[in-house]
Every structure is written in structure tokens, then in C-alpha cells.
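The values are calculated or read from the model by the stated rules, or taken from the named source; none is laboratory data. Everything numeric here is computed off the predicted structure, so don't read it as measured data. Virtual Cβ from ideal backbone geometry, glycine too; neighbours counted across all protein chains shown.
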């Protein structure tokens, strides 16, 4: 597996169990082979010894009425018990991620161990941006609870975070989860395709940074003549008092040759005072007149004292590396 950043060595072992025919996976209970991990998983409370933030994204339809979803998390490694040797900081990050359907009990599990041998610059960057990881799933509609258990191997300290999210009906007129980001992913070695915003768990962006917003639209009606959807979109950025700081007029999203609808916009947060804001996305199906609104809260924070490079990201097997 290739690393996303020089000085970071990732060794992954597969630990993913998918239920069959709507039944619970039976190979083993999540985390049961490790008492410390199992205790943290069973606890109804979050453990903030290792700070973690997590979010989930829902995208297009996969097979059998399920949606492609992504669970993304950031892990604060500043408190890790790194050992110094030969100019590198060494430790291992162990994690267990479980995503469970609240109504059926169906769950998906993934675990991984990441060996870190960090150069000083890499460690400094990760301490500022946190360590990012993500895992993709194919999920049926409904409500879900995801729980991430993280352990610093050197110290044995364990942290957990719980995130509730919903997966919509793929047949609905809907939008993907809005991706807000200030980081552009690096192109692949082949260099194909333009840079795209990285999927982040955080919703804090520095004043003066460029904020990217990316989304797709699904389930729109097609025009009789062109056999293509006709959907318009606009957005507002509102401050905590409901005053618009940025506003755009509705424009039609140009579909691809296959009728897919997606858009990427960007705005510079120049002059934005630190505080709470909301990105409000307005979408309208011009054929049927149906409309929907997507609201995503975020915060503006003071810019860092010194500029840093884009955050390193650890990706699970099968997940594209930025």
C-alpha cells in the first residue's frame, strides 16, 4: 500500500465483515479479541482521552438499492507516546470502526493498524491538521450509528467517538452530502483528472482560506425533448445572525453525457470574522418544480501562525489515496 506522505509507513490488515442476506455477521463479535477495545466499544460513553472527530457522506446509488457512503475521521496524535529513534518518531495507531443500522442491527466492521515512523516535519504537520482516515461502505436506507475506537499502541490510551447519520432513499429527488473542504487532493501519479476537494471530518476553516463546496444531485426528472435533467442551484453563506455574507443566483447545472449532475464551487473566506456560519445550498428541478435545501454548519477560525501543507491522509484498502 502506498503512503500519502513521506515519512509515514502504513501497514494495513483487512478486518472487514459484511452481513449476508440481512443477517448479522457471525465470524466474531466486533472487538471481542481485544478486551480493551471491546470495553471501549461496549461503553455508551465517548472517551476523549484521544480526541477524534467523525462525519459521514452519502453519495450515488450502488447495487441492490444501497448508497455509496463514506465515513471520515480525524485523530489528534499530539498526545501520542512517540518513541524517538534515528531522527523519526515511532508509534502505531490502532482503530476499530463499526457502522450499525439502528433499526435492523445489521453492522459493518473494519479494523486497521497503522505503523507511523514520522520525520519531524511530517509529525509537526499531522499535529496541526490531525491524522485523517476514511472508509467506504454500501448502505441501505435508514438511520445508522458509527463508532470509532482508537488506541495509541505505545501508551495504550484509548479514545472513542460516536456519530449518528441517515442514509436517504435512493429513489428520492435528493443531493449528496455537501462536501465542505479547504484541501485539494493531490492528483494521482498518472495525473488524470483535475484536483478535487478532500473529504474532511472537520468543519473549521481559517479566515482567508478558500472554501470549496462539492455536491451531486440525484433523482431529477428528465426533459422529454433532450432526455436530460434540468436542475438549477445556488448557495448562500449565512453568519450566526442570519445575515448573508455571500450569495449567488441560480444557474443550471450542465449534465454529463450520461445525465449526471454535479458541481464544485469555491469562495475565499477573506474578511470573515471567527465564528459560526452556515452554507445553504438551494436546488430546484426545473422540470417538475421540486426544490430542496441543504444546510451545512461550519466555523471560521483565526488563520494559523504559520502556513502548513495539505494534511496527510491514511486510506483504507480500496479507498483512493489523495
* Structure fact -> Scanning the range 138-169 residue by residue, those in contact with a helix residue (DSSP H, G or I) (Cβ under 9 Å, 6 or more places away or on another chain) and surrounded by fewer than 19 Cβ atoms within 10 Å (Cβ to Cβ) turn out to be 138, 140, 141, 156, 169
* Per-region count, the range 82-94, residues assigned to a strand (DSSP E or B) and farther than 13 Å from residue 157 by Cβ -> 6
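For the range 277-298, state whether one or more residues are outside any strand (DSSP E or B), outside the structural domain of residue 135 (by TED's automatic domain parsing) and either at pLDDT below 95 or within 29 Å of residue 132 (Cα to Cα) (or both). Don't jump to the end; show me each part of the working.
Keep residues of the range 277-298 that are outside any strand (DSSP E or B), which gives 286-290.
From the residues that got through so far, the ones that are outside the structural domain of residue 135 (by TED's automatic domain parsing) too are 286-290.
Checking the rest, the ones that are also either at pLDDT below 95 or within 29 Å of residue 132 (Cα to Cα) (or both) come to none.
Checked against the condition, which is being outside any strand (DSSP E or B), outside the structural domain of residue 135 (by TED's automatic domain parsing) and either at pLDDT below 95 or within 29 Å of residue 132 (Cα to Cα) (or both), the range 277-298 yields no hits at all.
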* **Residues that are crowded, with 16+ Cβ neighbours inside 10 Å and assigned to a strand (DSSP E or B), drawn from the range 39-60** => 52, 53, 54, 55, 56, 57, 58, 59
* Looking at the range 96-131, which of its residues are within 17 Å of residue 149 (Cβ to Cβ), buried (at least 20 other Cβ atoms within 10 Å of the Cβ) and touching a helix residue (DSSP H, G or I) at 6+ places or on another chain (Cβ under 9 Å)? -> 96, 111
